Amino acid sequence: MKTIAERLQEHGFFQGLPREQQNFIAGCGENSVFQSGDYLAREGEPADYFFLIRSGRVAVETFVPNHGALCLQTLEGGDIFGWSWLFPPYEWTFDARAQDTVHAIRLNGKCLREKCEAEPALGFELLKRFARITTARLKEARIQLLDLYGDRPPANPGAT
Amino acid sequence: MIPRIYRIERRTEEYPGAFTVHLAPNGEDVVSHDFSPGQFNMLYAFGAGEVAISMSGQALPGRSHTVHTIRTRGMVTSALARLREGEEIGVRGPFGSGWPLAEAANKELLVIAGGLGLAPLRPVIYHLLNQSKPRPIPRFRLFYGARRPEEMLYRSELEAWNREMEVQLSVDHADPSWHGNIGVITKPVSSADFDPKGCVAFLCGPEAMMRFSIQVLMERGVSPADIYISMERNMKCGTGLCGHCQWGPNFICKNGPVFRYSDVRNWLGIRAL
Ligand SMILES: Cc1cc2nc3c(=O)[nH]c(=O)nc-3n(C[C@H](O)[C@H](O)[C@H](O)COP(=O)(O)OP(=O)(O)OC[C@H]3O[C@@H](n4cnc5c(N)ncnc54)[C@H](O)[C@@H]3O)c2cc1C
Ligand code: FES
């Protein structure tokens, strides 16, 4: 079986990172498997982890009273889930539910934070990688708000 | 050019507000209606007017039938929507340039469609699947984005295509009964495994969706010269005479509707013409 460090190398998020840093981070990780319907994260609960999805599909959801779960986006192999461990209050802002069997690497957020504090160069590199992904997700969410396929664009997309 | 009279042989509802009609020439005078994928006809709803609608069926030589998928928008498309099987439509065409399939020879073809934009690309998919082996276009895949699963065109065909080619579907919104991707179609395009230097992309959908998809393709390293888009503008004559569809130096009906992105990128950026 492959080691966590080898699996980190395979995942796009850590690609190109020096081998020593991958090994250093691997100390925070473990393999995890979720069956369809299992939750990787629940809104409001402590956000202790960061997931590298290796395979399977994960629905990022929020619960709307009197309606049920509303899926905002799905993630799959090659994606990451969760950056709430980076910032106080370290709580998940959404639910994440496995839609089929999901294989992931689960990295401990506290352990990662400590490693980033101990090695600022690594911390900066990781933050740049997170920033790129959050920017892409923001852009995708904005495009979704445009309701591109509707008859006409919404009057004021994103207005609250 | 005078419209020929066609009869609606078959009419199917794709989803509320979008339907597909199979048209056959009326009467004895059977004419062939050869076309290239990407071309369009002017469909005439008697008493209401004419609109440009792409061919969405198979481009088979010598065939007299023509197939169109139409979304109800305003007066003319609503008049077309009210017509039932057996009723008549005026047809002029085919018009415009088609998708440059020859440009994709020996390359990978990325077909990227949004919403109703799958209609003008369906003849491309038929063409790709019908190629005799060894296939001139060896690798191809479809990325199709829609608002909701219920608002996807050709749903049973999508399933069948998925068995023969790679099909990536994504919807903006869905209830839990949908087990596919939720999110914008640009995401699967950005993470797909293709060689940006060895591919050609055909795009059709709302203009904003095409712009965002082009951004992603270019971020991946696809050359603007390898990206083709199909443009829509209101049309009158369809033959390059009235100037109604002018877009920069081009008439969309005659020089388009399919354009190479590198040739028109300056015009696509202009906010009002
Ligand atoms: C080359 C080409 C191929 C096309 N292929 C198809 C097709 O396969 N299926 C299909 O359903 N439609 C297609 N269209 C679009 C179709 O021609 C228009 O939706 C139609 O002309 C609308 O006419 P209407 O009288 O029903 O609506 P109108 O009363 O003219 O307009 C209703 C609303 O739709 C908007 N609108 C009208 N025409 C367009 C347009 N071309 N693009 C964007 N918004 C428009 C108007 O601004 C208005 O808001 C195509 C257009 C072109 C130029
Ligand atoms: S519609 Fe008349 S010039 Fe194009």
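The values are calculated or read from the model by the stated rules, or taken from the named source; none is laboratory data. Please read all numbers here as calculations on a predicted model, not as lab measurements. Positions of Cβ are generated from backbone atoms using ideal geometry, with glycine treated the same way; all protein chains shown enter the neighbour counts. Accessible surface areas use protein heavy atoms only, side chains included; no ligands, DNA or RNA. Shrake-Rupley method; radii C 1.70, N 1.55, O 1.52, S 1.80 Å.
Could you say whether any residue in segment B:181-196 is within 16 Å of ligand 2 (Cβ to nearest atom) and within 20 Å of the chain's Cα centre (by Cα)?
Residues of segment B:181-196 that are within 16 Å of ligand 2 (Cβ to nearest atom), as a first pass: none.
Within segment B:181-196 (the criterion being within 16 Å of ligand 2 (Cβ to nearest atom) and within 20 Å of the chain's Cα centre (by Cα)), the answer is no, since none of the residues qualifies.
Checked against the criterion of being more than 16 Å from ligand 1 (Cβ to nearest atom) and away from chain A (no Cβ under 14 Å), the candidates B:257, B:176, B:224 yield just one match: B:224. Suppose we filter segment B:32-56 for residues that are part of a loop (DSSP other than H, G, I, E, B) and surrounded by fewer than 23 Cβ atoms within 10 Å (Cβ to Cβ); how many remain? Residues flagged as part of a loop (DSSP other than H, G, I, E, B) and surrounded by fewer than 23 Cβ atoms within 10 Å (Cβ to Cβ) within segment B:32-56 amount to 7. Any chance you could count how many residues in segment A:107-152 are within 15 Å of the chain's Cα centre (by Cα) and not hydrophobic (A, V, I, L, M, F, W, C)? Residues flagged as within 15 Å of the chain's Cα centre (by Cα) and not hydrophobic (A, V, I, L, M, F, W, C) within segment A:107-152 amount to 9. Among the residues of segment A:108-121, is any assigned to a loop (DSSP other than H, G, I, E, B) and out of contact with any helix residue (DSSP H, G or I) (no Cβ under 7 Å at 6 or more places or on another chain)? The answer is yes, given that some residue of segment A:108-121 is assigned to a loop (DSSP other than H, G, I, E, B) and out of contact with any helix residue (DSSP H, G or I) (no Cβ under 7 Å at 6 or more places or on another chain). Taking segment A:24-42 only, how many residues are out of contact with any Ser or Thr (no Cβ under 9 Å at 6 or more places or on another chain), crowded, with 16+ Cβ neighbours inside 10 Å and over 22 Å from residue A:98 (Cβ atoms)? The qualifying residues number 2.
Yes/no per residue for (1) within 14 Å of chain A (Cβ to nearest Cβ); (2) at pLDDT 90 or above; (3) within 16 Å of ligand 2 (Cβ to nearest atom); (4) over 20 Å from the mean Cα position of the chain (by Cα):
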| position | (1), (2), (3), (4) |
| --- | --- |
| B:8 | no, yes, no, yes |
| B:25 | no, no, no, yes |
| B:29 | no, no, no, yes |
| B:35 | no, no, no, no |
| B:42 | no, yes, yes, no |
| B:62 | no, no, no, yes |
| B:80 | no, yes, no, no |
| B:87 | no, yes, no, yes |
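With respect to residue B:84, is the statement that it is in a strand (DSSP E or B), among the basic types (Lys, Arg) and either more than 6 Å from ligand 1 (Cβ to nearest atom) or open to solvent by 20 Å² or more (accessible area, probe 1.4 Å) (or both) true?
Details: in a strand (DSSP E or B): no; among the basic types (Lys, Arg): yes; either more than 6 Å from ligand 1 (Cβ to nearest atom) or open to solvent by 20 Å² or more (accessible area, probe 1.4 Å) (or both): yes.
When the stated conditions are applied, residue B:84 does not pass them.
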